[in-house]
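Engineer: My questions all concern the structure below.
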Amino acid sequence: ITVYGDKPDAFGQEDAGLLAAMADQAAVAIANARLIDELERSRTEIARRADAERTLREIAATVSAILEPDEVLQRIVDETTRLLESDGARIDLYDPAIDALRWSYAAGETMAVIPDWAKAGGLKPGQAVVGTAFAEQRAVHTDDYLVDDRFVHDDPAREFVASTGIRSVVAVPLPGEAGRVDPDREPAGIGR
(Lines give C-alpha, C1' and ligand atoms only; values in the text may rest on other atoms or scores of the structure.)
Protein backbone atom coordinates (compact mmCIF):
# COMPACT_ATOMS: atom_id res chain seq x y z
CA ILE A 1 0.00 0.00 0.00
CA THR A 2 1.34 3.41 -0.91
CA VAL A 3 -0.15 6.72 0.24
CA TYR A 4 0.58 10.00 -1.53
CA GLY A 5 0.26 13.60 -0.29
CA ASP A 6 0.70 17.00 -1.91
CA LYS A 7 2.44 18.59 1.13
CA PRO A 8 5.95 18.00 2.49
CA ASP A 9 6.05 16.02 5.74
CA ALA A 10 2.39 15.00 5.34
CA PHE A 11 2.90 11.62 7.02
CA GLY A 12 4.65 10.57 10.21
CA GLN A 13 5.41 7.42 12.17
CA GLU A 14 1.83 7.12 13.39
CA ASP A 15 0.65 7.20 9.76
CA ALA A 16 3.18 4.53 8.87
CA GLY A 17 1.86 2.40 11.74
CA LEU A 18 -1.72 2.90 10.60
CA LEU A 19 -0.72 2.06 7.02
CA ALA A 20 1.03 -1.10 8.26
CA ALA A 21 -2.16 -2.12 10.10
CA MET A 22 -4.19 -1.48 6.94
CA ALA A 23 -1.69 -3.57 4.98
CA ASP A 24 -2.10 -6.39 7.48
CA GLN A 25 -5.89 -6.21 7.06
CA ALA A 26 -5.55 -6.20 3.28
CA ALA A 27 -3.24 -9.23 3.46
CA VAL A 28 -5.77 -11.07 5.63
CA ALA A 29 -8.59 -10.19 3.22
CA ILE A 30 -6.54 -11.40 0.24
CA ALA A 31 -5.60 -14.60 2.04
CA ASN A 32 -9.25 -15.19 2.99
CA ALA A 33 -10.39 -14.59 -0.59
CA ARG A 34 -7.81 -17.09 -1.83
CA LEU A 35 -8.89 -19.64 0.78
CA ILE A 36 -12.54 -19.18 -0.20
CA ASP A 37 -11.64 -19.68 -3.88
CA GLU A 38 -9.60 -22.75 -3.01
CA LEU A 39 -12.44 -24.11 -0.89
CA GLU A 40 -14.88 -23.63 -3.77
CA ARG A 41 -12.52 -25.40 -6.20
CA SER A 42 -12.11 -28.19 -3.66
CA ARG A 43 -15.89 -28.53 -3.27
CA THR A 44 -16.31 -28.66 -7.03
CA GLU A 45 -13.59 -31.31 -7.35
CA ILE A 46 -15.08 -33.35 -4.49
CA ALA A 47 -18.52 -33.18 -6.15
CA ARG A 48 -16.97 -34.27 -9.47
CA ARG A 49 -15.17 -37.17 -7.80
CA ALA A 50 -18.33 -38.19 -5.93
CA ASP A 51 -20.24 -38.15 -9.22
CA ALA A 52 -17.52 -40.25 -10.86
CA GLU A 53 -17.54 -42.77 -7.99
CA ARG A 54 -21.35 -42.95 -8.02
CA THR A 55 -21.31 -43.50 -11.78
CA LEU A 56 -18.66 -46.22 -11.49
CA ARG A 57 -20.75 -47.97 -8.81
CA GLU A 58 -23.83 -47.72 -11.03
CA ILE A 59 -21.92 -49.13 -13.99
CA ALA A 60 -20.60 -51.97 -11.83
CA ALA A 61 -24.17 -52.75 -10.74
CA THR A 62 -25.29 -52.55 -14.36
CA VAL A 63 -22.55 -54.95 -15.43
CA SER A 64 -23.87 -57.42 -12.89
CA ALA A 65 -27.49 -56.94 -13.92
CA ILE A 66 -27.19 -56.62 -17.70
CA LEU A 67 -26.29 -59.68 -19.66
CA GLU A 68 -25.77 -57.70 -22.87
CA PRO A 69 -22.20 -56.32 -23.03
CA ASP A 70 -23.11 -53.89 -25.83
CA GLU A 71 -25.41 -52.01 -23.44
CA VAL A 72 -22.69 -51.79 -20.78
CA LEU A 73 -20.00 -50.62 -23.21
CA GLN A 74 -22.28 -47.97 -24.70
CA ARG A 75 -23.17 -46.74 -21.23
CA ILE A 76 -19.48 -46.51 -20.38
CA VAL A 77 -18.74 -44.20 -23.33
CA ASP A 78 -21.86 -42.15 -22.58
CA GLU A 79 -20.90 -41.70 -18.92
CA THR A 80 -17.22 -41.10 -19.75
CA THR A 81 -18.24 -38.25 -22.04
CA ARG A 82 -20.41 -36.76 -19.31
CA LEU A 83 -18.00 -37.22 -16.39
CA LEU A 84 -14.96 -35.85 -18.20
CA GLU A 85 -17.06 -33.10 -19.79
CA SER A 86 -15.54 -34.10 -23.12
CA ASP A 87 -16.71 -33.56 -26.68
CA GLY A 88 -16.82 -37.29 -27.22
CA ALA A 89 -15.58 -40.72 -26.22
CA ARG A 90 -15.10 -43.97 -28.07
CA ILE A 91 -14.27 -47.60 -27.43
CA ASP A 92 -12.32 -49.29 -30.20
CA LEU A 93 -12.05 -53.07 -30.02
CA TYR A 94 -9.10 -54.94 -31.48
CA ASP A 95 -9.95 -57.27 -34.37
CA PRO A 96 -7.08 -59.71 -34.99
CA ALA A 97 -8.58 -60.74 -38.35
CA ILE A 98 -7.66 -57.32 -39.76
CA ASP A 99 -5.01 -56.36 -37.17
CA ALA A 100 -6.85 -53.14 -36.41
CA LEU A 101 -8.84 -51.37 -33.74
CA ARG A 102 -12.46 -51.14 -34.87
CA TRP A 103 -14.62 -48.14 -33.99
CA SER A 104 -17.17 -49.95 -31.82
CA TYR A 105 -18.97 -47.68 -29.33
CA ALA A 106 -19.17 -43.89 -29.41
CA ALA A 107 -20.78 -40.94 -27.66
CA GLY A 108 -20.72 -37.18 -28.05
CA GLU A 109 -20.93 -34.74 -30.92
CA THR A 110 -17.41 -35.33 -32.26
CA MET A 111 -18.08 -39.03 -32.58
CA ALA A 112 -21.54 -38.70 -34.16
CA VAL A 113 -20.36 -39.48 -37.69
CA ILE A 114 -18.17 -42.51 -38.32
CA PRO A 115 -15.44 -41.64 -40.84
CA ASP A 116 -14.83 -43.81 -43.91
CA TRP A 117 -11.49 -45.12 -42.60
CA ALA A 118 -13.27 -46.43 -39.49
CA LYS A 119 -15.95 -48.13 -41.58
CA ALA A 120 -13.30 -49.72 -43.79
CA GLY A 121 -11.21 -51.12 -40.96
CA GLY A 122 -9.95 -48.91 -38.22
CA LEU A 123 -6.69 -47.85 -36.67
CA LYS A 124 -3.63 -50.07 -36.72
CA PRO A 125 -1.75 -50.76 -33.48
CA GLY A 126 0.69 -47.86 -33.05
CA GLN A 127 -1.39 -45.48 -35.18
CA ALA A 128 -2.64 -42.23 -33.63
CA VAL A 129 -3.25 -41.92 -29.88
CA VAL A 130 -5.60 -44.91 -29.66
CA GLY A 131 -3.33 -47.27 -31.56
CA THR A 132 -0.30 -46.13 -29.56
CA ALA A 133 -2.10 -46.76 -26.25
CA PHE A 134 -3.08 -50.22 -27.49
CA ALA A 135 0.38 -51.11 -28.85
CA GLU A 136 2.22 -49.90 -25.75
CA GLN A 137 -0.48 -51.06 -23.29
CA ARG A 138 -0.39 -47.78 -21.36
CA ALA A 139 -2.24 -44.48 -21.15
CA VAL A 140 -1.27 -42.03 -23.90
CA HIS A 141 -2.12 -38.33 -23.76
CA THR A 142 -1.57 -35.37 -26.05
CA ASP A 143 -2.45 -31.74 -25.39
CA ASP A 144 -2.63 -30.98 -29.11
CA TYR A 145 -2.73 -33.92 -31.51
CA LEU A 146 -2.36 -31.75 -34.59
CA VAL A 147 1.12 -30.56 -33.61
CA ASP A 148 2.33 -33.51 -31.54
CA ASP A 149 5.32 -34.97 -33.42
CA ARG A 150 4.88 -38.41 -31.82
CA PHE A 151 2.13 -39.15 -34.33
CA VAL A 152 2.12 -39.43 -38.12
CA HIS A 153 0.36 -36.43 -39.63
CA ASP A 154 -0.57 -37.67 -43.09
CA ASP A 155 -3.08 -40.36 -42.23
CA PRO A 156 -6.90 -40.37 -42.20
CA ALA A 157 -6.97 -40.12 -38.39
CA ARG A 158 -5.37 -36.66 -38.59
CA GLU A 159 -7.95 -35.57 -41.18
CA PHE A 160 -10.73 -36.74 -38.85
CA VAL A 161 -9.21 -34.91 -35.88
CA ALA A 162 -8.78 -31.71 -37.89
CA SER A 163 -12.30 -31.84 -39.34
CA THR A 164 -13.97 -32.36 -35.95
CA GLY A 165 -11.90 -29.77 -34.08
CA ILE A 166 -10.38 -32.30 -31.68
CA ARG A 167 -7.11 -31.20 -30.10
CA SER A 168 -6.59 -32.88 -26.74
CA VAL A 169 -6.81 -36.68 -26.56
CA VAL A 170 -6.22 -39.28 -23.88
CA ALA A 171 -6.55 -43.03 -24.48
CA VAL A 172 -6.12 -46.06 -22.26
CA PRO A 173 -6.19 -49.70 -23.38
CA LEU A 174 -8.89 -52.07 -22.21
CA PRO A 175 -7.09 -54.76 -20.21
CA GLY A 176 -6.70 -58.33 -21.37
CA GLU A 177 -9.14 -59.92 -23.76
CA ALA A 178 -11.73 -57.22 -23.05
CA GLY A 179 -10.33 -55.09 -25.85
CA ARG A 180 -10.81 -57.76 -28.53
CA VAL A 181 -13.68 -58.10 -30.98
CA ASP A 182 -16.03 -61.03 -30.66
CA PRO A 183 -16.21 -62.18 -34.31
CA ASP A 184 -19.83 -63.34 -33.86
CA ARG A 185 -21.10 -60.01 -32.57
CA GLU A 186 -21.49 -56.66 -34.31
CA PRO A 187 -21.08 -53.91 -31.67
CA ALA A 188 -24.24 -51.93 -30.97
CA GLY A 189 -22.48 -48.57 -31.05
CA ILE A 190 -21.85 -48.65 -34.80
CA GLY A 191 -23.86 -45.97 -36.51
CA ARG A 192 -24.81 -44.04 -33.40
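The values are calculated or read from the model by the stated rules, or taken from the named source; none is laboratory data. Computed from a prediction, not measured in an experiment: that's the story for all the values here. Note that we place each Cβ from the backbone using ideal geometry, even for glycine, and neighbour counts take in every protein chain shown. Side chains included, ligands, DNA and RNA excluded: accessible areas come from the protein's heavy atoms. Shrake-Rupley method; radii C 1.70, N 1.55, O 1.52, S 1.80 Å.
Engineer: Residues of region 1-46 being closer than 30 Å to LEU83 by Cα, open to solvent by 60 Å² or more (accessible area, probe 1.4 Å) and either hydrophobic (A, V, I, L, M, F, W, C) or outside any helix (DSSP H, G or I) (or both), which ones?
Structural biologist: LEU35, ILE36, LEU39, ILE46
Engineer: Shifting gears a bit: Based on what the data block shows, is VAL129 modelled with pLDDT under 85, touching an Asp or Glu at 6+ places or on another chain (Cβ under 9 Å) and hydrophobic (A, V, I, L, M, F, W, C)? I'd like the intermediate steps shown before the answer.
Structural biologist: Details: modelled with pLDDT under 85: no; touching an Asp or Glu at 6+ places or on another chain (Cβ under 9 Å): yes; hydrophobic (A, V, I, L, M, F, W, C): yes.
Considered against the rule, which asks whether it is modelled with pLDDT under 85, touching an Asp or Glu at 6+ places or on another chain (Cβ under 9 Å) and hydrophobic (A, V, I, L, M, F, W, C), VAL129 comes out as no.
Engineer: With the condition kept exactly as written, say whether any residue in region 123-130 is more than 23 Å from PRO96 (Cβ to Cβ) and of a type in the set (Val, Ile, Thr). Please lay out each step first, then the result.
Structural biologist: First, the residues of region 123-130 that are more than 23 Å from PRO96 (Cβ to Cβ): none.
For region 123-130, residues more than 23 Å from PRO96 (Cβ to Cβ) and of a type in the set (Val, Ile, Thr): absent.
Yes/no matrix, rows are residues, columns are (1) of a type outside the set (Ser, Thr, Tyr); (2) at pLDDT below 85; (3) within 28 Å of the chain's Cα centre (by Cα); (4) over 30 Å from ARG167 (Cα atoms):
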site	(1), (2), (3), (4)
VAL3	yes, yes, no, yes
PHE11	yes, yes, no, yes
ALA33	yes, yes, no, yes
GLU38	yes, no, yes, no
ARG57	yes, yes, yes, yes
THR62	no, yes, yes, yes
ILE98	yes, no, no, no
SER104	no, no, yes, no
GLU109	yes, no, yes, no
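Engineer: Right, next: Please specify each residue of region 68-118 satisfying the condition of being open to solvent by less than 60 Å² (accessible area, probe 1.4 Å), among the charged types (D, E, K, R) and assigned to a helix (DSSP H, G or I).
Structural biologist: ASP70, GLU79
Engineer: When residues of region 136-155 are filtered for being open to solvent by 60 Å² or more (accessible area, probe 1.4 Å), assigned to a helix (DSSP H, G or I) and closer than 14 Å to ALA171 by Cβ, how many remain?
Structural biologist: Count: 1.
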